[in-house]
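> Let me give you the structure first, and then I'll get to my questions.
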Amino acid sequence: MIEGRERTLYGRRRGKKLRAGQEALLGTLLPKLLIKLPLNEPLGDRELWLEIGFGAGEHLVWQAEQHPDVMLLGCEPFINGVAKCLAHIERTGVTNVRLFNDDARLLMAALPERSLSRVFILFPDPWPKTRHHKRRFVQRATLDVLAPLMKAGAELRLATDDPSYLPWMVEHACRHPTFEWLAERPGDWRARPDDWPPTRYELKMLAGHKPVFLRLRRR
Ligand SMILES: C[S@@+](CC[C@H](N)C(=O)[O-])C[C@H]1O[C@@H](n2cnc3c(N)ncnc32)[C@H](O)[C@@H]1O
């Protein structure tokens, strides 16, 4: 169980007014794809991949298109992002995506151990001020919950463009005893892997710092 629930979710839940088409997708398509807790449908035999904080969902839906045999679970509490993701799902016609519209930690608490084959946390909110670092999603406590949910050999992908989040991710994730950092040479985490399309946040931030792409394997 999450203690102090309200304090674990710091970002916005809702932004500018949704367009009629977006409201319609929330009313019609979302209920078909929504993950409710306790888990409302069996997770099935397919590999499960989880994306935490999918933003507008372009990476999530791209992965779903490329991997039709995989079931993609996406978590995003920001309803405007969910609406955009639904539009991508409708446009592409993918059927292997399920959405959780709340704090990913609530879903993590409900998932069975060793159920996930891949996890993406791409450009999590950087919370650059030192006094806000404890709000960062990537931290030892969250990874301690996530690690047992992942199968041995499962991959965790992290990205950030925030210069202070990189050393933090290295300290909290790459040095976590359950994860092995897959970088073999310094350039590895600067180069975008082919199966890792840019996210909306990343494209918006192009003028800023260079992103890093961290791949870790659950031991
Ligand atoms: C900086 S945005 C990046 C979005 C997307 N990954 C991208 O790269 O475009 C971080 C996202 O994480 C979401 N987020 C923040 N806390 C979260 C949580 N506890 N569970 C799930 N998503 C969360 C936010 O709503 C936001 O959409």
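The values are calculated or read from the model by the stated rules, or taken from the named source; none is laboratory data. Computed from a predicted structure; not experimentally measured. Heads up, the Cβs are rebuilt from the backbone with ideal geometry, glycines too, and the neighbour counts pull from every protein chain shown.
> Got at least one residue in the range 101-111 being within 20 Å of L143 (Cβ to Cβ) and either part of a strand (DSSP E or B) or among the polar types (S, T, N, Q) (or both)?
Looking only at the range 101-111, we keep the residues that are within 20 Å of L143 (Cβ to Cβ), and these are 102-111.
Within this subset, residues satisfying the condition of being either part of a strand (DSSP E or B) or among the polar types (S, T, N, Q) (or both) are none.
There is no residue in the range 101-111 that is within 20 Å of L143 (Cβ to Cβ) and either part of a strand (DSSP E or B) or among the polar types (S, T, N, Q) (or both).
Residue-wise test of (1) within 15 Å of the ligand (Cβ to nearest atom); (2) assigned to a helix (DSSP H, G or I).
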{"site": "R13", "(1), (2)": "yes, no"}
{"site": "G27", "(1), (2)": "no, yes"}
{"site": "K32", "(1), (2)": "no, yes"}
{"site": "P38", "(1), (2)": "no, no"}
{"site": "D45", "(1), (2)": "no, no"}
{"site": "L50", "(1), (2)": "yes, no"}
{"site": "V94", "(1), (2)": "no, no"}
{"site": "R98", "(1), (2)": "yes, no"}
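> Tell me the residue from L106, L182 that is out of contact with any helix residue (DSSP H, G or I) (no Cβ under 6 Å at 6 or more places or on another chain), more than 11 Å from the ligand (Cβ to nearest atom) and of a type outside the set (V, I, T), please.
On the way: L106 fails: more than 11 Å from the ligand (Cβ to nearest atom).
Only one candidate qualifies: L182.
> Report yes if K84 is among the basic types (K, R), modelled with pLDDT under 95 and part of a helix (DSSP H, G or I), otherwise no.
Numbers: among the basic types (K, R): yes; modelled with pLDDT under 95: no; part of a helix (DSSP H, G or I): yes.
No, not satisfied.
> I need the full set of residues from the range 109-123 which are away from the ligand (no atom under 16 Å from the Cβ) and either under 23 Å from D162 (Cβ atoms) or of a type outside the set (K, R) (or both), in order please. Break it down into steps so the answer makes sense when it comes.
The initial filter retains those residues of the range 109-123 that are away from the ligand (no atom under 16 Å from the Cβ), namely 112-115, 117.
Of everything in the range 109-123, those that are away from the ligand (no atom under 16 Å from the Cβ) and either under 23 Å from D162 (Cβ atoms) or of a type outside the set (K, R) (or both) turn out to be P112, E113, S115, S117.
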